[in-house]
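Colleague: There's a structure below that I have some questions on.
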Amino acid sequence: MMLRRPAGRMCASRLLLKRAPTATSSSPAWSRLASTGPLKPTALAMSKAALNGQADGGEANKASSNQRPNQGASGPNGSERRRASSFAAPQLQDNVSEANISATSPVIIVDLEAANAKLREDSHTFTFAGKDKAPGRVHVVRLSSNNPVEDDFDVAVGKGVNENRTLFSGVYDGHAGWATSQVLRKALVPHVSVALSQVTSDASQEVVDDAIKKAFLRLDDRISTQALNAMDAGYKPGAAETIAAIAPAIAGSCALLTIYDPETSTLRTAVTGDSRGVRGAWSSETQEYKADCLSRDQTGFNRYEVKRIDAEHPGEKDKILDPRSGRLLGMAVTRAFGDHRWKWTKQQIEDARDDFYGSSPRPNYETPPYMSAEPEITTRQVQTEDFVILASDGLWDVMNNDAAVACVSRWLAAVKAGKPEPFKETEHEGRLKTMWRASPDHFVIEDLDNAAVCLAKNALGGSRRKVFLGAMTTYPPLSRNVRDDMTIQVIFFKDPQQRS
């Protein structure tokens with residue numbers, strides 16, 4: 001998510017999701033994709049790389065996107081202790097002229113092969129049992145811009161309404177840190193699954209929606225309550241225990257969750273924030289796909305959100321909502337998980353600031369809470385020919401709904417034909433000051449193993465190879481001027497890669 005701040009344990013009842021084999025990912029098979037980004041290089045690896053003349057981003061820095069840093073492995077005294085590395089000081093060459101001393105940039109210019117590899121570092125494929133047990137497929141890609149990445153995601157199969165096997169797919173766009181989005185990855189689907197499994201098949205749509213909403217709100221309340229309890233637990237100011245406990249309340253995250261019941265062909269989409277779901281709805285009459293938006297972005301540009309906020313905080317609208325930026329007290333979204341500075345009392349915010357390194361209350365902060373994690377929910381009956389795109393705003397910042405559906409539609413046609421579209425390189429017109437927009441005129445359809453990767457590549461330039469390579473060469477924090485963290489899922493209710 002673009003900068004939002006102003007200028008555990010798996011449920012035992014969850015079922016295993018079959019991981020499809022892919023050459024682009026090294027993640028193990030498990031029911032939830034627990035991806036936390038590449039490992040940071042150790043001091044030893046960095047020292048060796050420096051002594052061997054390797055630039056940042058070389059082999060010393062490469063690691064699987066699903067490996068986790070060692071967090072307190074057991075040692076002789078109950079915790080791992082690392083000795084400080086000791087090396088002889090490197091010897092400089094004598095009599096070297098200044099002209100022969102390298103002062104070149106350590107940033108590596110990526111070629112197409114390296115750019116494709118970087119784009120695919122966190123790409124994945126899952127299969128699931130769809131309508132009448134026919135296989136369905138989910139393609140996922142996540143590309144970081146922040147370091148560490150603040151986006152997260154989830155794909156899992158578990159109990160839904162009437163305890164039916166249900167596919168849950170979540171995109172969690174974090175901001176002001178990664179702690180909240182990681183909690184959502186671990187906890188949101190189990191919360192919703194438990195709630196829906198207690199709803200019977202004859203329940204009304206309102207009852208089902210209410211169960212989902214309450215599950216979202218209960219989780220957000222737990223995040224906040226655990227933080228406040230830690231602050232009241234008697235720890236000294238600056239205590240590590242409290243700093244760790246309040247992290248998911250200090251940071252924030254949007255949540256986009258689809259809930260697909262293959263038995264009834266029902267797709268529910270719940271959104272908190274501005275991640276977006278779009279269905280590619282197949283028309284048997286026109287023999288083409290049409291974009292069907294499954295969610296509304298919850299920002300100050302949404303007139304329904306403005307009306308709601310005005311009703312909840314009468315007389316404050318002009319002080320708390322900026323009509324030019326769509327921001328609520330400086331925040332780009334009007335609903336989210338976490339984000340204590342839009343929910344807690346002013347005194348609680350000041351206590352977190354004064355004792356545990358939090359930030360100050362927002363200006364014009366009079367009648368909290370100003371934000372909620374309550375989702376809006378839509379329901380659709382889907383066909384097996386349909387597909388759904390879920391993405392954080394990193395995609396939607398540069399690609400509109402129709403273009404995204406057109407991209408996946410062309411991808412499907414290429415998969416059916418068994419070959420990529422013919423490639424013709426195009427150029428970007430004008431300067432990059434105002435970024436660029438993804439357009440079907442500049443689409444390249446060549447990544448036939450993963451539709452999410454295809455979308456991401458076209459969001460970053462497509463057939464404009466120079467734009468794409470430049471975007472993939474950028475590095476944090478410069479990359480934030482080019483792209484946001486980007487997470488994309490494409491759900492196919494009928495596996496397009498299944499051989500007849």
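The values are calculated or read from the model by the stated rules, or taken from the named source; none is laboratory data. Not measured: the values here are computed from a predicted model. Cβ: placed from backbone, ideal geometry, glycine included. Neighbour counts: every protein chain shown.
Colleague: Every residue in the range 192-202 that is more than 19 Å from the chain's Cα centre (by Cα) and either among the aromatic types (Phe, Trp, Tyr) or under 13 Å from PHE216 (Cβ atoms) (or both), please.
Modeller: Those that are more than 19 Å from the chain's Cα centre (by Cα) and either among the aromatic types (Phe, Trp, Tyr) or under 13 Å from PHE216 (Cβ atoms) (or both): SER193, VAL194, ALA195, LEU196.
Colleague: For residues that are surrounded by fewer than 18 Cβ atoms within 10 Å (Cβ to Cβ) and β-branched (Val, Ile, Thr), scanning just the range 227-265, find the one that is nearest to ALA156 (Cα to Cα).
Modeller: Step by step, filter the range 227-265, then rank; the result is THR264.
Colleague: Condition check: touching a helix residue (DSSP H, G or I) at 6+ places or on another chain (Cβ under 6 Å), over 30 Å from ARG464 (Cβ atoms) and outside any loop (DSSP other than H, G, I, E, B). Does ILE389 satisfy that? Walk me through how you get there before you give the answer.
Modeller: Details: touching a helix residue (DSSP H, G or I) at 6+ places or on another chain (Cβ under 6 Å): yes; over 30 Å from ARG464 (Cβ atoms): no; outside any loop (DSSP other than H, G, I, E, B): yes.
Criteria not met by ILE389.
Colleague: Sticking with this structure for a sec: Identify, by number, the condition in (1) at pLDDT 95 or above; (2) within 13 Å of PRO262 (Cα to Cα) that ASP132 doesn't meet.
Modeller: Here ASP132 clears every test but (1).
Colleague: Could you count how many residues in the range 245-270 are among the aliphatic types (A, V, I, L, M), farther than 30 Å from TYR235 by Cβ and over 13 Å from the mean Cα position of the chain (by Cα)?
Modeller: So the answer is 3.
Colleague: Using the structure shown, decide if ARG324 is buried (at least 19 other Cβ atoms within 10 Å of the Cβ) and of a type outside the set (Phe, Trp, Tyr).
Modeller: no
Colleague: Just the residues that are of a type in the set (A, V, I, L, M) and part of a helix (DSSP H, G or I), please, taken from the range 166-192. Before you say what the answer is, go through the steps one by one.
Modeller: Looking only at the range 166-192, we keep the residues that are of a type in the set (A, V, I, L, M), and these are 167, 171, 176, 179, 183-184, 187-189, 192.
Correct list: ALA179, VAL183, LEU184, ALA187, LEU188, VAL189, VAL192.
Colleague: On the basis of being loosely packed, with under 15 Cβ neighbours inside 10 Å and more than 22 Å from ASN364 (Cβ to Cβ), does GLU288 make the cut?
Modeller: Considered against the rule, which asks whether it is loosely packed, with under 15 Cβ neighbours inside 10 Å and more than 22 Å from ASN364 (Cβ to Cβ), GLU288 comes out as yes.
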